[in-house]
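Encoded as structure tokens, the structure appears first; notes follow it.
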Amino acid sequence: MIKKTFAILILCLAGLGSPSYTAYASTEVTVTVQPDRIQMGATYNGERITVTGQIPADTDALVRVMGKEEKYNLKQKGRALGVLWMNLGSVEVSNVPSIFLLYLPESNQSESTSGPEMWSALKVGLAGVREQADIVGQHVDKDILFKEFVKLKEESGQYAVVANGVHYSRNDGKMRWFSSTMALPATLPQGTYRVEIFAIRKGDIAASAARQIKAMEVGMPAWISALAFNHGALYGVLSVMMALIAGLLTGLLFRGEKGAH
């Protein structure tokens, strides 16, 4: 009896400590991600991954890519005395993912078409990111600031909500086949990312599954990163030397153009 009670307690504690998405069954969802390793060399300019799999026939698929939570220190700009445009202070945005890509099924035109209440309850959209985000700053409207933060991330390709991003091929009455081609940005940081698939039935998450992909620097970018982290002094000296050489070459180039006239 004591052993049984102890086992139940352990299971309850494990449930409390797990993220919300692990509460949903994954046996009804199959998923494959290709490629699952992204090599970022000197010519890397973004990558596309293909996510395919099966979900229950009466559900819709949402596909999401999430990076680890990061903290960002931003400058708050505004007009001083209504005239000069300048920095008015700093703002910290934390507990937000480095990458957030949400691809919606072809039956939805935008994140808002299913109703903001649904997305807020599911916590899989930007409303969920906003709910967990910590924003610290003086005299700021946090909701407006979060929208501006999202715009910055969208411009870099690191945040996106893509309508009609998940397509269906066939339905045998029990399972539904889906596919999505997702664009990873050129500004993708090195690290491990979580690819999540949510099977949505009548506004609720009926099942989910997840895979991981790994992005790693190779070649010259990897060498430069290793040099910067492991040999900071040498990296600094080389950076100064490269700047001096670039300056000398620029000076010679412009001097030659002046002589030609």
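The values are calculated or read from the model by the stated rules, or taken from the named source; none is laboratory data. Predicted model, so just to flag it, every value in this text is computed and none were measured. Positions of Cβ are generated from backbone atoms using ideal geometry, with glycine treated the same way; all protein chains shown enter the neighbour counts.
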**Study point:** Top-ranked residue in the stretch 147-178 [being under 17 Å from Glu47 (Cα atoms) and hydroxyl-bearing (Ser, Thr, Tyr); ranked as surrounded by the most Cβ atoms within 10 Å (Cβ to Cβ)]
**Key:** Tyr159
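Out of the residues in the stretch 137-146 that are surrounded by 13 or more Cβ atoms within 10 Å (Cβ to Cβ) and not small (Gly, Ala, Ser), state the one that is farthest from Asn95 (Cα to Cα).
Restricting attention to the stretch 137-146, the residues satisfying the condition of being surrounded by 13 or more Cβ atoms within 10 Å (Cβ to Cβ) are 137, 140, 142, 145-146.
Those still in the list that are not small (Gly, Ala, Ser) too: 140, 142, 145-146.
On the way: Val140: 18, Lys142: 14, Leu145: 15, Phe146: 12 Å.
Restricting to residues being surrounded by 13 or more Cβ atoms within 10 Å (Cβ to Cβ) and not small (Gly, Ala, Ser), the top hit is Val140.
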Check your understanding: What are the residue pairs meeting all of these: first residue in the stretch 58-81, first residue more than 16 Å from Gly191 (Cβ to Cβ) and not assigned by TED's automatic domain parsing to the domain that holds Pro105, second residue modelled with pLDDT of 95 or more and in a strand (DSSP E or B), Cβ atoms under 8 Å, and 6 or more apart or on different chains?
Key -> none
Exercise for review: Out of the residues in the stretch 91-137 that are of a type in the set (S, T, N, Q) and modelled with pLDDT of 90 or more, state the one that is farthest from Tyr168 (Cα to Cα).
Suggested key: Ser94
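Please give the strands (runs of 3 or more DSSP E) falling wholly within the stretch 138-254 in which 3 or more residues are polar (S, T, N, Q), on the phi < 0 side of the Ramachandran plot and modelled with pLDDT of 90 or more.
Numbers: elements: 159-171, 175-184, 191-201, 204-217.
In the stretch 138-254, the matching strands (runs of 3 or more DSSP E) lie at 175-184.
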